[in-house]
1. Looking at LYS122 and the list (1) among the charged types (D, E, K, R); (2) modelled with pLDDT of 80 or more; (3) surrounded by fewer than 17 Cβ atoms within 10 Å (Cβ to Cβ); (4) over 23 Å from GLY153 (Cα atoms), which single condition is not satisfied?
2. Need the failing condition index for LEU101 against (1) open to solvent by 20 Å² or more (accessible area, probe 1.4 Å); (2) over 22 Å from ASP63 (Cα atoms); (3) modelled with pLDDT under 90; (4) not in a strand (DSSP E or B), just the number.
3. Considering (1) modelled with pLDDT of 90 or more; (2) closer than 28 Å to ALA383 by Cα; (3) in contact with a strand residue (DSSP E or B) (Cβ under 7 Å, 6 or more places away or on another chain); (4) hydroxyl-bearing (Ser, Thr, Tyr), say which one SER455 fails and leave the rest.
4. Somewhere in region 389-400, is a residue within 40 Å of the chain's Cα centre (by Cα), in a loop (DSSP other than H, G, I, E, B) and not acidic (Asp, Glu)?
5. Quick check on region 207-256: of everything there that is without any contact (Cβ under 8 Å) to a residue 60 or more places away in the chain and of a type in the set (Ser, Thr, Tyr), which residue is surrounded by the fewest Cβ atoms within 10 Å (Cβ to Cβ)?
6. Out of all the residues in region 362-388, which are open to solvent by less than 30 Å² (accessible area, probe 1.4 Å) and not in a helix (DSSP H, G or I)?
7. Would you be able to tell me the number of residues in region 146-181 that are open to solvent by less than 10 Å² (accessible area, probe 1.4 Å), closer than 17 Å to SER270 by Cβ and not β-branched (Val, Ile, Thr)?
8. Please list, ordered by first then second residue, the pairs with beta carbon atoms under 6 Å, 6 or more apart or interchain, first in region 35-59 and under 18 Å from HIS288 (Cβ atoms), second part of a helix (DSSP H, G or I) and of a type outside the set (A, V, I, L, M).
Amino acid sequence: MLFGRRKDLAKQRWRLSAKLLIASSVATVIGFSAICASVMLDMRRGEEELARQTLENLASGIDADINRNIELYDLSLRAVASNLVMPEIKDVSREIRHLILFDHAATAKHFGAIQVFDAQGKLTIDASSLDPAPDNRSDEEYFKAHLNRPDVGLFISRPMLHRGAYSIVLSRRITGNDASFQGVVAGSIRFSYFHDLFGRLHLGADDLITVFRRDGTVIMRTPFDLDVIGHNLSHVPGLHQVLTEPSGSYSRPSVADGLMRLFVWRNSGSALVVQVGKRLDTILNLWHRQVIRIGAIMTALILFVVATTLFLAREIGRRAQAEERLEELATTDALTGLRNRRKFDAEIDLEWRRAARNGTPVALLMLDADHFKSYNDTYGHQAGDQVLVGIAICISDAVRRAGDCPARFGGEEFAVLLPGLSNVEAFRLAETIRLKVEHWSEDPSVTTVSIGIASMIPAESLDWSDLIEAADRALYAAKANGRNQSVLASLPQLALVA
């Protein structure tokens, strides 16, 4: 006896030592991994920050160039709109009027000629010709904007085909001395300006540059795509932030191709906003190579630790599996695969205590195979075993909740523990099982079951044995009433209801 106790103590110490060794090994692996992960994350943040600063500088440079040209062209529009309302302008010849209006106007190869439209949208003055061809722009977006909104200021149109070239139209309202609408002065910046600007930049194949209008309309982008240009993307997640905040960044899939990119924008408060995007995998390309190299080194170090504990972990796993198998064999009925009486007693005791604490009901079904003894004597024990297995399958098929406990109670008798079910709910389940058993065999005479049902809320004066006794009495009543039926025990009087 003493030797046996010492042997048990030795086993317990060995198990404890093995667990401590495994815990130490795991802690070492976790420590190595944490250090490695921390270093790699710092490197990633450094790469992303460097890319963010680079993209911010790029966006700032593009924004400054675009705004400089827009402001220069806007000065010309302001001058024309201001000079047109001077009373003297009506008394001079067309040639002199052209000199007054357009002599100091900004000129560049990407700037279109400035035009003047009257209050009805008719072209009256064209910087490129003394005799402009008849034209009416009253239906254009920019004309309606100035007509309906006196305070709109400089208006930049959606990208459009203007005078034979894709352009954006810049326009200002001509307001008379009496604040009346006198027309619109408009000019254009051709797309060639943006192509030339973006062409001077050293961009990657998948880099994106997008110029937005304040309402989210795409004015220009590279790579150039007419299917995107002119569309309003204000509904795209994150774009509201781009249009309202001075600068910032975020990462998200691109609307154009779905690739994950880092987007940085520059919003200087002018009419247009510049956003630059670069693929994250391009930004992190160097980081990925460093991760592979560092990961290989750390893996080699960790493998040494893992190798020293692998055999021990395998043995512990085998021991745990063996114990689980023994536990399963000790609590499972070998024939039916259901819980055995020992496991059932433990489960009903546990559930009874839990229900007593929570004030919830516990239901129990007691099932017995009808005429089993005579069937067993007639057809033999193997046929009888098949009947019991069939009944067990029907029970398992009907009882699906994780907390329920179907068990072989003994011989041809079965029990089903149903925590939380009322007597009515338990009766429905009992009928489901009974009908499944009845239809299980093509020959109805093979077997049926009688079922007794009881449901109780535990009280101080009751014990779980009272629940078994009530269900057992209901089972006897079912047998006495002709078998193949479910009988419900009505508590506390234990009146029986079929």
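The values are calculated or read from the model by the stated rules, or taken from the named source; none is laboratory data. Please read all numbers here as calculations on a predicted model, not as lab measurements. Positions of Cβ are backbone-derived with ideal geometry, glycine not excepted, and every protein chain shown enters the neighbour counts. Surface accessibility is based on the protein's heavy atoms, side chains included, excluding ligands, DNA and RNA. Shrake-Rupley method; radii C 1.70, N 1.55, O 1.52, S 1.80 Å.
1. Going through the list (1) among the charged types (D, E, K, R); (2) modelled with pLDDT of 80 or more; (3) surrounded by fewer than 17 Cβ atoms within 10 Å (Cβ to Cβ); (4) over 23 Å from GLY153 (Cα atoms), LYS122 breaks only (4).
2. (1)
3. (2)
4. Within region 389-400, one or more residues are within 40 Å of the chain's Cα centre (by Cα), in a loop (DSSP other than H, G, I, E, B) and not acidic (Asp, Glu).
5. In this case the residue turns out to be THR244.
6. Within region 362-388, VAL362, ALA363, LEU364, LEU365, MET366, LEU367, ASP368, ALA369, ASP370, GLY380 meet the criteria.
7. Count: 3.
8. Sorted first by the residue in region 35-59, then by its partner, the pairs are MET43/TRP287; ARG44/TRP287; GLU47/TRP287.
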